[in-house]
Every structure is written in C-alpha cells, then in structure tokens.
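Input: a single structure, listed below in structure tokens.
The values are calculated or read from the model by the stated rules, or taken from the named source; none is laboratory data. Quick caveat: nothing in here was measured; it's all calculated off a predicted structure. In this analysis, Cβ positions are derived from the backbone assuming ideal geometry, glycine residues included, and neighbour counts consider all displayed protein chains. We work out accessible area using only protein heavy atoms, side chains counted, and drop any ligands, DNA or RNA first. Shrake-Rupley method; radii C 1.70, N 1.55, O 1.52, S 1.80 Å.
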Amino acid sequence: MLRHIAGQLAQAVLLLLAVIVLIYCLLQLIPGDPIQAMVGDMPVPPALRAALEERFGLNLPFGHRLLAYLGHILQGDLGYSMNYRRPVFDILAERFPRTLLLAGIGYAFGITLGIAIGIHSAVAKHRGVDQAWSSLVLVGYAMPTFWVGQLLVMAFSIQLGWLPTQGMGPMISRATGIDWVLERALYLVLPVATYTILETTRVARFMRASVAETLEQGYIVTARQKGLSRHEIIMGHVVRNSILPVITVMGYSFGTAMGGAVLLETVFSYPGIGSLMVEAVRARDTQVIVGVVILVACSVVVMNIVVDLLYAWLDPRIRLSSQRR
Amino acid sequence: MTSSTFRRRPLLRALAGSAGLLALDLGTSNRASAQTPKRGGTAVVGVSVAGATLNTQLTSNPTPLIIADIWASGLFKYDKTGAKKPQIASSWDISADGKTYTFHLRPNLKWSDGQPFSSADVAFTLEAFAKYNTYLVKVVPNIDKTETPDANTFVVHLKEPQSSALEGFDKEVFPLMPKHVFDGTDIPTNAANRAPVGLGPFKFVKWEEGRGITFERNPYFWDQPKPYLDSVVCVFIPNVQQQQNALYRGEIDVLRPALPQISRSIEQANAKKMFEVREVKVNAAERLSLDVNLTRDIFNKPLVRQALLVAIDRERISKDVYQGLAFPAMNAIPEQFTQLTDTSVDYNKQFAYDPAKAGKMLDEAGYPLKDGKRFTIDFTSATNADAFYAEPAAQIISANWRALGIDVKLSLLEGQLWTDKVYKQHNYDVSMSSLTARTDPVFGVDRSFLCNASSVPYVNPTGYCNKELDDIAAKAGAVPTAERKALYKQYEEIVARDMPHLTLTNAKKFFAISSRFGGIDEEMDLAFNGNPDMAQVWVK
C-alpha cells in the first residue's frame, strides 16, 4: 500500500510541474496587463509602467520568468504577489484555512446527509418517500450554487433578519473565547448551508443507486433468510458495501467542491481562496493564480490518497491484494 | 460590522449579547441629541475590492478613490455646487498673467504619523509623483518651476497660462504625500502605498486582505474637533447585490450603490428610514460612449457615424438600463461642466432617435439595404463585475442597429480581453465603454477625441486625428475660464460633425448613508469625484 501511495505521489509531483508550466503558459497567452489593472480606466504613465515592470521582472523574456519561477517553486517559494505585495505563500496560508473550514464543514454535513438520504431513499425504492427524496435531491442538484446562496440570504438575512448577509466575521469585536467562536459561527451558517445543499444532492444520488444495487445482491437475500433484522442488514451489510462508489465520488468531487468555493465565496464575500482566485484573475496576478492552482492540485492529490486509504480500510480485498504485491 | 447591524434583530441581539457586542449597541442607543455633534462610534463603508494600492497618486480605480477621502487630503476639493472648497490650502491666488499660482497653506499641521507638514511636502508630492500620476502628466509639462518661499506657501510657475491647471491640484488628482515617508525610496513599490500616512480625518490602522481596512481618528487632523467618529471601517463586498443586502441589513453605513440598485435603495430608504439616498448633483460625468474604428472603410464617412447615433434609442437606454437615473447626453462636453458646456449643440435635437431617418442617412452614404442587410459591425464591450450597463445597453443598441439592416456581431468580453482587442489590437468596429470625465474636460474628455498614435488603453482608439480640434482643445485648457466656453462650443461642433466617438448617456451619481448619523448634509456637500470623508458625521 505504501509503495502504491509513494508511486502516486511521484506521479503527482510530475503532474503538478506539468500543470504549473501549462498554467503559466496559458496565462501568458491570455491578453491582460496587471499594471493597467492597478491603474484603472486611465492611461498608465510610462514612468509608472517602467518602474513596476522593473520591480516585478515583467520586462524579462517569458522563458526567463518561467524558469526563474520554476526554480523558486523547487525551493518551496511560491513567488510574490503584485497585487498584494506579499509572498504568495503567506497569502495562501492566511486564506486556505478559511476555505478549508467552510468546505470542510459543508463537506462533512453534505456527505453525512447525502448518505442518510441515499439509504433512506433506496430502502423505500419506488415508494412515496423515495420519490419525495429523489425529487428534492434533483431540484437541489439543478439549482446553481450562487442562486441558492442568494435565496438563503433573502430568506434568513433580509426577511427574517437572523443572520449576517456576508463576510466571515465582524470587523470590530470585543468578543473573546467561546463568544468569539459563536460570533463567527453565525457568519458561517449560510455559506455552509449552501455548500451542504450542493454536496448533499451530489452524494445522495450516488448513495441511492449504490444501496439499491447492493440490496439486490444474493448475500442480502441470505441475510434476510437468516432472520437478521432490517437495521442489522442495512448497517452491517448494505452501508459498508454501498459506500465504496460514494468514496470514489468524494475523491474526485473534492476538486469540484473547491471550484464551487469560488462561486460561493463570491456570493458571500467570504475571504478564502475562491475569492482570492477571482481577485487574482481580475488583477492578472499570475503568481497568485498559479499558487492557488498548486494548492488545489495538492489538495486533490491528498484527498485521493485519503480515498485510497479508506478503500483499503473498508474493503479487505484491496488490502489483501496490495499486501500480496 | 458595528453595533448598527444588531440594533433591530432579536436573535442576533441575543447572540451578540453573549458575544460581548451588546455593549457596543447600548453605546449608540441614545439618539436623543441629534443636533449636537459628539464623539464616538464607528462607521462602516461598503466598497468593492481595493487592489494593489490605496495611493490615488498611482491609481484611478474606484475603491481606492472612495477610501482616499478618509485618509488623504489635498489643497482643496469641491462643494455640492462645484465651487472649490479650501482644505490644506486656506486660500490661493492666481497672478494676472495666469502663469503663477500661489497656495497659502494652513500653518502647524501634522501628518497622521505626527510628523510636521510643510510646503516642502507639497513641492515634493508634485516633484516625485508627477511622472507616475495619470492626470498630473497633463499639467507637468507646462510647469516652469515651483517655489516654497516659506513653510506655509507653495508657488507654481507655469510656462504658459493654463486655466485647467488649477483643477490638477484638487484632492482627487493631487492628494498630498509625506516627503519623510517617500523621499529616497522606490515610490511605486513603497509600502506606504498600502499603509498610507496622510492628512485626512482618519489614520490607517490595518488592512485585512479580502475583508477590509480599518482607520481610526487622526488626532492631528487639520479641521479640529473633527472627525467625531472614533473609527471608520471599509469592508470589501465585491458583489453589488450583496452590497445592497448589507446596506438593507444595516451591516454597512455608507455605500455608493450601483445605479440599477438605486430605485430599490430609495424605496427601502423611504420604507425603513434606516438610511438616506443622496444625489451628487455636480458629479464627474460617467458617460456611456461608443468609439467607432475610423480605420475601417465602412466608417469613412461621418454620415455613417451620425446615422449610427440617430439609430440608437438613448431614452430607452437611460430608462431601462439606468432605471431612469441617466439622461441622453447633449454633446461632447458634459453638462456637469456648467461653465464650459454650450447647449446650443444638442444631440437630442440634431441626432434624435429616428430609425427612418437613420436608414435614409445610410442609403445616402452608399449603404442601401441589399437582401435585407447593409453591412456588418463587430461590436464589443467589457463586462466587468461593476459594468452592469454593458450587456443590456449593448443588446438595445444591437437591436436598434439590426432593425436598420446592420448585421451586428456582439462580443461581450472580460475587461482585460476587451482592452487588448480595442486599444492594442484595434481589431473592432465599434466599442462601448463608460468613461468618467473627471473634474475638467482636459483630464477626462480630451482623451476620447485628440490625436493618439499610441495603443494606450482608454485613450482615443478610433484613429480620428484632427489638428483643428487638438488646437482648440489646447487653447480651451489654457485661456481664462470666461473664454473657455466659446472654444468648447467649437469643440462640440467639430465632434458633432465628425462623430468619431458617440456620447450616448450621462449617468447620475448617488450615495446611501445611514440615518443613524447626524451631519449628513455637511457630509454630502461634495461634487465631482468627491466621496464622504466621514469627518462631518457623528452618531446620533
């Protein structure tokens, strides 16, 4: 298993380098001017352009900049942001935990609810409950994230006045300790709820299909004939066997989920890496864009390793086959 | 967020109480003494993202401009009638020959870091920032020399008289910068551009990226006992809908709402009495305009360009796109320049919306309908997050032109892609943008009409070059104000005749400000590109 993971990591490093070069080249091809973005809708004075190009190395040939950047990356330096005038690493270190918090809580709720709904729906297949869940999930799945977010804001912030409309916490606060946590938790409710709806619908559809298929298997029929209770069959046999496809979905949907964070953070003015990416693209802040891509790519790699480990833990066949190798 | 967020929401109030915020709420709950200014409290200003710099000597982006009023100050600014209002300069004289400007500075002032301010700082700002400042580069070539005869006097000697030069020293174009911070440093990358030291009512405290910027009362502010507020927080809300939501919920106190949101803001303001919506009457005109690429054969004849204008229903754009908060522009010089524009040139009469007439003009120009089509136009515009007007206006214009048999290929592009296509590649037929006219035609209008061989963004991309117009513009910027109007009339006539750049509508400007403040009238006594500096208001 360890050899397998080491192999995956080596592949991931090569893939990551290829992605960095590709993104860097693509950003070079896209028209855009970070200095114009800084100045706004007026002409850039030549002296200002010259000074900033010199300072940020924009006057160097593209190949030279790319090689220098790769050199820095290999030394663990993610570069320097033109827009924030700070090392990219510091910016990511500040923003990523916020996204991770939002996505992590939403992901956890989404998967738990999705699995529960999927099971509930599948065991009552073609009955009213199933149809109700399926319709609800389909509606949830079809709604765009930003629209769900806006609806929730209109309902819970504007109409009911229960929750803040945007942000990640008050800019001025005297709270400490648990009060401080509670205060920030209020700001997380709506973005997390939006995220949860998105993730729940995704997982529930897979879980329902997987459970329905498992319920048709011979060993479930045997279990029933052995006189096991409904609860024992579902928890002991169905869930464990049905969850593998869902874990696969979890692995690859993590990247998509990070993409979803871009929209979600924009809707809620939440200062994570999603809104950072939007700002960086607008400002043509190349090194930040590449930094975010590296971070997301690394997260997906880590998530895939976690999925592999979960596979091995849940399915003895995978564990045994990797031991035999 | 301030206490205002929590003042009417039971659940939040309960939770905030546990969070220790109730104290803040109670602190502002006594609103009895509405008329007497008192100290204390925080104002929250909603803005979009700030970008790379707060220093408006180096940027003309809207967010730094809004924030600059809070921390920076200049020699003067404008009141709501457009008249100049003294700031750091208590007065100024202009010599009889129009070549010498003498600014008398307030004595014994200090920067927000406590260091003394003097005329040397003003001279330094001009000397060091002129080459980096997108507006000052228009004035500086005409400056012969500057002098600082004493610590409170700053003198500018021009080579030739230039009446528009004075506008180059207002707060927006020429915010004053501290010599002791910038001298001997690499100015465009100096850290103070993001952590500024200024002469404004509030001093910079911290910038929380992606969240906002905090300022606190500047104890050395020149206009004591102002400011009354303890602090001002500018929160970043990039989405205009969310800005409106935050305003409605009382999470922010001040906002320059996007125009499509204004009607809703006014309705909400009337219904809830939580905030007021004020119009800035004399504003820096924001004008929806079309650049026509004159290097394309079909646009050779001015008649074709004029026909394109006649074919556009500008009333509908004003009504539908701007929710009635814009009006069809009269001519090349914005109506806000009341002393400069001549209304005898009136597009609403000369080029009023008339599809039949436009069709005849195109027939006459040699483009009759053939198989239901006259010619094809590659029509483009930018769709930035704040360019709410782009898509609906472009659709209306496209529909107007298509009705005449013009085949319109519309491309709405991300801002930087559009800039590249129009200003660098010149690969377009007609381009739409919304440009600000600033405080004088020299700074914001000339750029759309004067000869320009470069590929500099936001400068005349049409290929139009008319020496006669250039000469008139140069003269109009130089002669005394009383003589300028006659020259700008000629300017307007030439543009109306040649029509390289079609000015469509002129948008209004508004601010929403929380009713929990006293002193709103004084705060909103502003014009052109002025923004609330929050020095005049107090928490009631």
Compare each residue of the stretch B:96-141 in its chain alone against the assembly with all protein chains, and report those whose accessible area goes down by 40 Å² or more; 1.4 Å probe, heavy atoms. B:Tyr132, B:Thr134
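To the nearest 0.05, how large is the calculated FRET efficiency for B:Glu468 and B:Lys409 if R₀ is 35 Å and r is the Cβ-Cβ distance?
0.55
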Nearest 10 degrees is fine. How inclined is helix B:467-478 to the longest principal axis of chain B, computing both from alpha carbons? 20 degrees
Tell me the relative contact order for the stretch B:286-507 as a rounded percent, counting alpha carbon contacts under 8 Å between residues six or more apart. 35 percent
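Compute, for the stretch A:7-116, the length of the dipole vector about the Cα centre, with Cβ point charges of +1 (Lys, Arg) and -1 (Asp, Glu) only. Units Debye, rounded to 20.
Values: 7 positive and 7 negative charges, 26 e Å.
For this selection, approximately 120 debye.
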The protein assembly as shown - charge dipole about Cα centre, Lys and Arg +1 at Cβ, Asp and Glu -1, debye rounded to 20: 2660 debye
Using only the alpha-carbon atoms, how far is helix A:273-283 inclined from the longest principal axis of chain A? Give it as 0 to 90 degrees, nearest 10. 30 degrees
How large is the dipole of the stretch B:286-507 about the Cα centre if only Lys and Arg carry +1 and Asp and Glu carry -1, each at its Cβ, rounded to the nearest 20 debye? 280 debye
How far apart, in nanometres, would the label points at A:His64 and B:Ala356 be if each is projected 7 angstrom from Cα along the Cα-to-Cβ direction? 6.6 nm
Along the charge dipole of the stretch B:130-206, Cβ charges K/R +1 and D/E -1, which of B:Leu176, B:Ala165, B:Phe204 sits furthest on the positive end? B:Phe204
Rounded to the nearest 10 Å², the 1.4 Å probe accessible area of A:Val262 is 50 Å²
Mean shadow of the protein assembly as shown, computed from the convex hull of its alpha carbons, in nm²? 43.0 nm²
Students often forget the sequence filter, so: which lysines lie under 20 Å Cα-Cα from B:Lys77 once same-chain residues fewer than 8 apart are removed? B:Lys85, B:Lys110, B:Lys138, B:Lys171, B:Lys203, B:Lys226, B:Lys281, B:Lys508, B:Lys509
Degrees between helix A:128-142 axis and first principal axis of chain A (Cα, 0 to 90, nearest 10): 10 degrees
Looking at the stretch A:8-41, residues buried by 40 Å² or more relative to their chain on its own, accessible surface at probe 1.4 Å, turn out to be A:Pro31, A:Gln36, A:Met38, A:Val39, A:Asp41
Put A:His120, B:His157, B:His104 in order of accessible area, largest first, probe 1.4 Å, and you get A:His120, B:His104, B:His157
Heavy-atom SASA rank of B:Lys171, B:Lys77, A:Lys226 (probe 1.4 Å, accessible area, largest first): A:Lys226, B:Lys77, B:Lys171
Go through A:Pro34, A:Tyr84, A:Phe62 and say which Cα lies farthest out towards the positive end of the charge dipole of the stretch A:16-87; charges sit on Cβ, +1 for Lys and Arg, -1 for Asp and Glu. A:Tyr84
Sticking with the crude label model, points 7 Å out along Cα→Cβ, report the distance from A:Ser229 to B:Asp320 in nm, one decimal please. 6.6 nm
For the stretch A:16-87, just run the numbers: alpha carbon Rg, then divide by 2.2 N^0.38 Å, N being how many residues it has. 1.19
Keeping to pairs on different chains or 8 or more places apart, tell me how many lysine pairs in the stretch B:286-507 have Cα atoms under 17 Å apart. 13
Which values of log₁₀ I(q)/I(0), to two decimal places, follow from the Debye formula for chain B at q = 0.06, 0.10 Å⁻¹ with a uniform point scatterer at every Cα? -0.32, -0.86
Give me the accessible area of A:Phe109, 1.4 Å probe, in Å² rounded to the nearest 10. 110 Å²
Length gained if B:Lys159 through B:Ser95 is fully extended, taking 0.36 nm per residue and subtracting the Cα-Cα distance, is 21.7 nm
So what's the back-of-envelope 222 nm ellipticity for chain A, counting only DSSP H runs of four-plus at -39500 (n - 2.57) apiece and dividing by all residues, rounded to 500? -25500 deg cm²/dmol
What are the residues whose amide H is under 5 Å from the amide H of B:Lys509, where those residues sit 5 or more places off or on another chain and H is modelled from the backbone? B:Val280
Could you pull out every Cys in chain B that lacks a partner Cys with its beta carbon under 4.7 Å away? B:Cys234
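Given all pairs of different Cα atoms, what value in angstroms does the Kirkwood hydrodynamic radius of the stretch B:286-507 take?
Averaging 1/r across every pair of different Cα atoms and inverting gives 17.5 Å.
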Need the full-extension length gain, B:Lys206 to B:Glu127, defined as separation in residues times 0.36 nm minus the C-alpha distance. One decimal, nm. 25.6 nm
Positions from the stretch A:131-178 whose accessible area shrinks by 40 Å² or more when the full protein complex is built, not the chain alone, probe 1.4 Å: A:Gln150, A:Ile158, A:Gly161, A:Trp162, A:Thr165, A:Gln166, A:Met171, A:Ile172, A:Arg174
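State, in square angstrom and to the nearest 100, the accessible area buried between chains B and A, both chains counted, probe radius 1.4 Å.
5300 Å²
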Which residue, chosen from B:Gln416, B:Leu469, B:Gln336, occupies the Cα position most advanced towards the positive end of the dipole of the stretch B:286-507, where the dipole is computed from +1 (Lys, Arg) and -1 (Asp, Glu) charges on Cβ about the Cα centre? B:Leu469
The stretch A:96-324, accessible surface, carbon-and-sulfur percent (1.4 angstrom probe): 69 percent
At 1.4 Å probe size, with no ligands or nucleic acids counted, give the accessible surface of A:Arg86 in Å², nearest ten. 60 Å²
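Hey, what does the equivalent ellipsoid look like for the stretch A:96-324, semi-axes from the Cα gyration tensor as sqrt of 5 times each eigenvalue, largest first, whole Å?
Values: eigenvalues 264, 105, 50 Å².
Semi-axis lengths for the stretch A:96-324 are 36, 23, 16 Å.
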Counting only heavy atoms of the protein chains, get the accessible area per residue of the stretch B:195-330 (1.4 Å probe) and round it to a whole Å² value. 33 Å²
Let me have the relative contact order for chain B, percent, based on Cα pairs under 8 Å that are six or more residues apart. 21 percent
Within straight cross-link reach of A:Lys125, meaning Cα distance under 28 Å, which lysines are found once same-chain residues fewer than 8 apart are removed? A:Lys226
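Output the relative contact order of chain A, whole-number percent, from Cα pairs under 8 angstrom with separation of 6+ residues.
About 25 percent, as a whole number.
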